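In what follows, a structure is listed as structure tokens, so that the remarks can point back to it.
The values are calculated or read from the model by the stated rules, or taken from the named source; none is laboratory data. Treat the numbers as computed from the prediction; the structure is a model and nothing was measured. Cβ coordinates were reconstructed from backbone atoms using ideal geometry, including for glycine residues, and neighbour counts include every protein chain displayed.
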Amino acid sequence: MYMSRVEIDIENRRKLRDLTHLGAYHSWVEDSFPDEKDEKIRSRKLWRIDTIGHKKYLLVVSREAPDLKCLEKYGVEGTAETRDYDSYLSALREGNLYRFRAVLNPSHSVKPDKGEKRGKVYPEVTAEQQIAYIERKAAKNGFELAPDSYDITERGYAVLNKAGQRSVRLCRVAYEGILRVTDEEVFRKALCNGIGRKKAYGFGLLTVIRADEYDSQANR
């Protein structure tokens, strides 16, 4: 597994004109793996947009390393980088505390009515529903949330456009806080495979840093 990052060139208006919806970012990510595209392979890639200070970054977790030149298509030249993620994943330990960040598409499904093949999916729209959503997901993904140490840092909607389809608004919620690993293997799968729905469109990526390392950096 690899974790890659590039600073988005927010000063370039021409580039930003292309990045007006989630589908455009999805295409950017897919185009950053030209070998897969040529062979018509679609491996799972998790991604999200992070804001740090006055800069925006595209963060990608993938099974193969991206082409850094392609990753800089809408980025600042020279800022794309890739790191091995497996060594970090292998160091995760049950019981350890980590500071986390996740951007999710909180929702719930309703069982299908008689005669229907699929149930309907509804977004979680209130802050209370959205907090309950990540609390439900924690146990299923190998971690528990430390009491009174997590919250929503951003909430709103993001537009997704697909060719030949109507635009849709997807509920987008960013969470930050502290978690404790309860099952190493399940937790590693969550970091690699993501949490919840719409993973191809910038949702589901959970990232962590050891809580003591975060505190050390914050106090520098």
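Counted as qualifying within the range 50-164 are the strands (runs of 3 or more DSSP E) with 1 or more residues that are in contact with a strand residue (DSSP E or B) (Cβ under 9 Å, 6 or more places away or on another chain) and over 28 Å from I10 (Cα atoms), namely 97-104, 107-110, 120-123, 143-160. For the residues E128, E77, E81, the requirement of being in contact with a Lys or Arg (Cβ under 7 Å, 6 or more places away or on another chain) and of a type in the set (D, E) singles out E81.
When each of S43, S27 is tested for being out of contact with any strand residue (DSSP E or B) (no Cβ under 9 Å at 6 or more places or on another chain), among the hydroxyl-bearing types (S, T, Y), outside any strand (DSSP E or B) and not assigned by TED's automatic domain parsing to the domain that holds K162, the lone residue that passes is S27.
Name every residue in the range 1-24 that is part of a helix (DSSP H, G or I) and surrounded by 13 or more Cβ atoms within 10 Å (Cβ to Cβ), in order of residue number.
Of the residues in the range 1-24, the ones part of a helix (DSSP H, G or I) are 13-18, 22-24.
Of everything in the range 1-24, those that are part of a helix (DSSP H, G or I) and surrounded by 13 or more Cβ atoms within 10 Å (Cβ to Cβ) turn out to be K15, L16, D18, L22, G23, A24.
Go through the range 62-93 and give me each residue that's farther than 29 Å from T20 by Cβ and among the aromatic types (F, W, Y). Selection gives Y85, Y88.
Scanning the range 165-189 for residues that are in contact with a strand residue (DSSP E or B) (Cβ under 6 Å, 6 or more places away or on another chain) and outside any strand (DSSP E or B) gives S167, T182, F187. Of all residues in the range 140-177, which are surrounded by fewer than 18 Cβ atoms within 10 Å (Cβ to Cβ) and either closer than 24 Å to D84 by Cα or not assigned by TED's automatic domain parsing to the domain that holds E124 (or both)? Within the range 140-177, E176 is the sole residue that qualifies.
The rows are residues; the columns are (1) at pLDDT below 95; (2) closer than 22 Å to P147 by Cβ; (3) aliphatic (A, V, I, L, M).
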{"position": "R172", "(1), (2), (3)": "no, no, no"}
{"position": "G177", "(1), (2), (3)": "no, yes, no"}
{"position": "E185", "(1), (2), (3)": "no, no, no"}
{"position": "L191", "(1), (2), (3)": "no, no, yes"}
{"position": "K199", "(1), (2), (3)": "no, no, no"}
{"position": "D212", "(1), (2), (3)": "yes, yes, no"}
{"position": "S216", "(1), (2), (3)": "yes, no, no"}
{"position": "R220", "(1), (2), (3)": "yes, no, no"}
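Residue pairs whose Cβ atoms lie under 7 Å apart, separated by 6 or more positions or on different chains, with the first residue in the range 181-193 and under 18 Å from L104 (Cα atoms) and the second surrounded by fewer than 18 Cβ atoms within 10 Å (Cβ to Cβ) and of a type in the set (D, E, K, R), are N193/R44.
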